[in-house]
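Colleague: Take a look at the following structure, please.
The values are calculated or read from the model by the stated rules, or taken from the named source; none is laboratory data. None of these values were measured; they are calculated from a predicted model. Cβ placement follows ideal geometry from the backbone for every residue including glycine, while neighbour counts extend to all protein chains displayed.
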Amino acid sequence: MTSSAAVLERTFDAVIFDNDGTLVDSSASVERSWVRWAREHGIDPERLRGFHGMPAAAIIEQVGPHLEARDALARIEELEIADVTGIVALPGVLEAIAVLSGAEPPTPFAIATSATRALAETRLAAAGIDVPAGFVTVEDVERGKPHPDPFLLAAERLGVDPARALVCEDAPSGIDAARAAGCTVLAVTTTTTTNELARADLVVGSLADVAFAAVDGRVRVALR
């Protein structure tokens, strides 16, 4: 971990959130869907470990290169969209979004996810989170996480310099993507251990452990 001062002692022009594992708890749905998908295709579910935060197409390429990629991707998306049981907003998320969206002027924020638009919208709706104007899905970029493209595009859509944006992530691949984009990173240990998130500027348990404050269209973060 680098110095927490990179997060706590400055203001940011925008916040870019990852979705699964950062805003919404979809872990049970994800596991059920991918295990079912793996078994349907004769793949040992144990081979799915270590891919959290990566686009589904990249996972399929790694564990099922023998499969017809388009059909395999369509099937896993079908399973995931159909399974919203237990999907909820993670601690502190609704409060953080309320602070950003309710400020005057509003503080720009976006969501950059490795999921498709249809799947991300389904999970956000299940968790009671509105889709923000700044919304980047895997379909919007040529390269997904761990490449920087999702965060670069999110910053561009918000009209901010990536170096002035705070990314909130829960996965090493997302941290790598944010770092490559030049963003500061706040990581949450909702799905990953602290050691695995050590490349972030600040690691906390969840967004409930920090307080977002809007300041003249920008945002500051403090530990609770």
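Colleague: Has region 68-79 got at least one residue that is small (G, A, S), more than 18 Å from the chain's Cα centre (by Cα), crowded, with 18+ Cβ neighbours inside 10 Å and farther than 19 Å from A171 by Cα?
Modeller: yes
Colleague: Output the strands (runs of 3 or more DSSP E) that fall wholly within region 131-224 and possess 1 or more residues being out of contact with any helix residue (DSSP H, G or I) (no Cβ under 9 Å at 6 or more places or on another chain), surrounded by 15 or more Cβ atoms within 10 Å (Cβ to Cβ) and not charged (D, E, K, R), or say none.
Modeller: 202-204
Colleague: Still on this structure: How many residues does region 31-58 hold that are within 25 Å of D209 (Cβ to Cβ) and either surrounded by 22 or more Cβ atoms within 10 Å (Cβ to Cβ) or in contact with a Cys (Cβ under 6 Å, 6 or more places away or on another chain) (or both)?
Modeller: Residues that pass the stated criteria total 1.
Colleague: Among the residues that make up region 115-127, is at least one of them touching a residue at least 60 places away in the same chain (Cβ under 8 Å), in contact with a Gly (Cβ under 6 Å, 6 or more places away or on another chain) and not assigned by TED's automatic domain parsing to the domain that holds E61?
Modeller: No, region 115-127 contains no residue that is touching a residue at least 60 places away in the same chain (Cβ under 8 Å), in contact with a Gly (Cβ under 6 Å, 6 or more places away or on another chain) and not assigned by TED's automatic domain parsing to the domain that holds E61.
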